[in-house]
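Worksheet: one structure, shown below.
The values are calculated or read from the model by the stated rules, or taken from the named source; none is laboratory data. These figures come from a predicted structure and were not determined experimentally. We place every Cβ from the backbone using ideal geometry, glycine too, and count neighbours over all the protein chains shown. These accessible areas exclude ligands, DNA and RNA; they are computed on the full protein's heavy atoms, side chains included. Shrake-Rupley method; radii C 1.70, N 1.55, O 1.52, S 1.80 Å.
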Amino acid sequence: MSGIVGMFHRDGAPADLRLFRALTEALSYCGSDASGVWSEGPVCLGNARSATTWGSREEKQPLALGNRLWLTADARLDNRAQLIRHLSASGDEDGPSATDCELIARSYELWGAKCVEYLRGDFAFAIWDARAEKLFCARDHFGVKPFYYAQLDNLFLFSNALDCVRKYPEVSGELNDSAIADFLLFGLNYDEATTSFRDVQRLPPAHCLMVSREGLQMQRYWSPPANGRLRYRREAEYVEHFQTLLQAAVKDRLRTDRVGILLSGGLDSTSLAATAKELGAQSGGSPDIRTYTAVYESLIPDGEAGLASSAARFLGVPNRRIPMDRVPPFAWPDDPTHRLPEPPDNPFFGAMFEQFHAVAEDCQVLLSGEGNDNLMYFQMWPYVQDLIGSKQWTRLAKEGLQYLSVRPFPWRGIRARLPGWLGKVSAADSFPSWIAPDFAHRLNLQDRWRENGELLVQAAPHPVSPKAHASLALPHWARMFENENASVTRYPVDVRYPFLDLRLVEYLLALPPFPWFFQKALLRKAVAGKLPEDIRIRLKTPFYGDPLLAHFQRSDIGWVQQTPRHAELDRYINRGALPELHGKMSSEHVTLATRPHCLNFWLQSVRSLARRKLRVETC
């Protein structure tokens, strides 16, 4: 885990090393084990590192490979053995002893920009190629590691921390109106190539960027596969293959002395804990495993905490409960370590810092069960259509009858769809009246609001799991990863997501959805005997309540509406049309109605950061 920063003057002008060292030092919260700066002529690379894998303890960054390549990276590779075999086949025999960053540099040395086609894992890196006089940058497949950059005339500046880029003197604080509009309408910026600031861009997931004197060239190097059709003769083979891949995904993320796991009472996170425990037992008890459960003590009923504790006792691992309702909404202390670089959609954003503070007291590595719900999203009708199109009549008859025998009668689904069939639309579906009219007209926001359901059009939809496939392209992923990154939390905790291991993703997207994704049958079979039975067979349970709405029902929230408005808010919000916040609103209304207040609190915070920027520049 590292904080990375770099600059390249494309016109050949020398870099300001004094200022660059200050930018690198500003990343010290990302990595306290070591820091370094390399500079030559128009190029500077910086790195602040924390050793979160065994192999990275002796690593030095920025890393030099001969007199040609220099690299700064925040990277952790999966499936090292496969990459080393590819390197060995090309004549590189030093792979087995190489660190992850050395493997990245050697991959670039052999394959140039095509190296990303061989890399698996979580990474954001930049390589200066002195011979070609080019800077090559890349971000991993799902955007687990952030990468931001700014183009200022002939200067290219990058970092994996948005605030670091913004500290540079010539990077303006002007907002990106399109991103702010998306936030107000949808809760986040749907354009993965931009940020909330006009001068700062982001490298989208699964993209690489080549920077030279001639300019910038960006390209996508990977998309979720949509053509896999894996079929076995025996049902047991599906489960065995999944177990092998899940173990490999978890094992590649356990190369450390101690690991934490975000544990709920659900199947995904408990399956990770069971797998990690099993792998640890095979290796003599390493790493030390801790689990953490976010709980609500008073706001809403919390049935997850007891189940998580039960799973932890069954596995013999400690479980720490982290109360999430002790931090009220909009609790943003006047503290530079509690600043979000972009507007938060959740007024309880302060609780996130409490959670990571608790984890950081014990661990630098944290596993999350995110991803499996999407990959195992069950759809029967596209699968039926595919069987008909391929004339698999025997399979269609057999599996169709099996599905009808286990599928519950859809009373709830009919009831949920009935208002739509009758033409009834929720008031929360209407365009927000509090959007400033001039702003709405200038950016044509009425049309953007109506097009919300069509923002992600897939060029090549998956034949049998279209929603699972399409969900992997949602901008919500990169936003979640960025908010859980040390550059935002300010705690040196590296969050890892085993279910988004490419081996698992490619495998699951190639499977027949029935019976394997119906009620997550594949995962339930894979962990049989490894978890308490009540957790293993427990069906997906909706959240027990809306914490924000519960807070509004119990507490006086008038102070939120009386909070002084930042002057910039008037560009986006018609203050006179803001709805009154109260406990009788629906959850959908509460989410939408609090966004202007989230933006107001964020503007006040981010502008105070801009004032501190001047002090950084003159230090």
Considering residues that are open to solvent by 20 Å² or more (accessible area, probe 1.4 Å) and of a type in the set (Lys, Arg), the number found within the stretch 244-254 is 1
Given (1) closer than 16 Å to residue 147 by Cβ; (2) in contact (Cβ under 8 Å) with a residue 60 or more places away in the chain, identify the lone condition not met by residue 241. (1)
Number of positions in the stretch 530-545 that are open to solvent by less than 40 Å² (accessible area, probe 1.4 Å) and part of a loop (DSSP other than H, G, I, E, B): 3
I'm trying to understand the selection: among the residues of the stretch 115-139, which are under 20 Å from the mean Cα position of the chain (by Cα), farther than 20 Å from residue 342 by Cβ and either assigned to a loop (DSSP other than H, G, I, E, B) or not hydrophobic (A, V, I, L, M, F, W, C) (or both)? 119, 120, 121, 122
Return the pair list, or none, for Cβ contacts closer than 7 Å from residues in the stretch 57-70 that are among the aromatic types (Phe, Trp, Tyr) to residues that are in a loop (DSSP other than H, G, I, E, B), at least 6 apart or on different chains. 70/62
Residues located in the stretch 140-154, provided they are open to solvent by 10 Å² or more (accessible area, probe 1.4 Å) and more than 19 Å from the chain's Cα centre (by Cα): 151, 152, 153, 154
Among (1) crowded, with 16+ Cβ neighbours inside 10 Å; (2) not in a helix (DSSP H, G or I) - the single one residue 549 does not satisfy: (2)
Scan the stretch 100-109 for residues that are closer than 16 Å to residue 120 by Cβ and touching a Lys or Arg at 6+ places or on another chain (Cβ under 8 Å) and report the count. 2
When residue 166 is run through (1) open to solvent by less than 10 Å² (accessible area, probe 1.4 Å); (2) of a type outside the set (S, T, N, Q); (3) within 20 Å of residue 74 (Cα to Cα), the failure sits at (1)
Step by step: first the residues of the stretch 573-597, then only those that are farther than 20 Å from residue 437 by Cα and touching a Phe, Trp or Tyr at 6+ places or on another chain (Cβ under 9 Å), then the one that is surrounded by the fewest Cβ atoms within 10 Å (Cβ to Cβ). Which residue is that? 584
When you check residue 561 against the structure, is it touching a residue at least 24 places away in the same chain (Cβ under 8 Å), under 17 Å from residue 403 (Cβ atoms), open to solvent by 50 Å² or more (accessible area, probe 1.4 Å) and over 24 Å from the mean Cα position of the chain (by Cα), yes or no? no
Just the residues that are open to solvent by less than 10 Å² (accessible area, probe 1.4 Å), without any contact (Cβ under 8 Å) to a residue 60 or more places away in the chain and more than 22 Å from residue 477 (Cα to Cα), please, taken from the stretch 109-130. 115, 127
Scanning the stretch 187-206 residue by residue, those in contact with a strand residue (DSSP E or B) (Cβ under 8 Å, 6 or more places away or on another chain), assigned to a loop (DSSP other than H, G, I, E, B) and either without any contact (Cβ under 8 Å) to a residue 12 or more places away in the chain or open to solvent by 20 Å² or more (accessible area, probe 1.4 Å) (or both) turn out to be 192, 193, 198, 199
Scanning for something open to solvent by 60 Å² or more (accessible area, probe 1.4 Å), free of Cβ contacts under 8 Å to residues at least 40 places away in the same chain and either β-branched (Val, Ile, Thr) or assigned to a loop (DSSP other than H, G, I, E, B) (or both), does the stretch 366-380 turn up at least one residue? no
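Yes/no per residue for (1) among the aromatic types (Phe, Trp, Tyr); (2) in contact with a Ser or Thr (Cβ under 9 Å, 6 or more places away or on another chain); (3) surrounded by 15 or more Cβ atoms within 10 Å (Cβ to Cβ); (4) part of a loop (DSSP other than H, G, I, E, B):
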residue	(1), (2), (3), (4)
208	no, no, yes, no
230	no, no, no, yes
236	no, no, no, no
239	no, no, yes, no
256	no, yes, yes, yes
260	no, yes, yes, no
269	no, yes, yes, no
289	no, no, yes, no
293	no, yes, yes, no
Return the total of residues in the stretch 79-99 being under 25 Å from residue 365 (Cβ atoms), in contact with a Lys or Arg (Cβ under 8 Å, 6 or more places away or on another chain) and either open to solvent by less than 10 Å² (accessible area, probe 1.4 Å) or aliphatic (A, V, I, L, M) (or both). 3
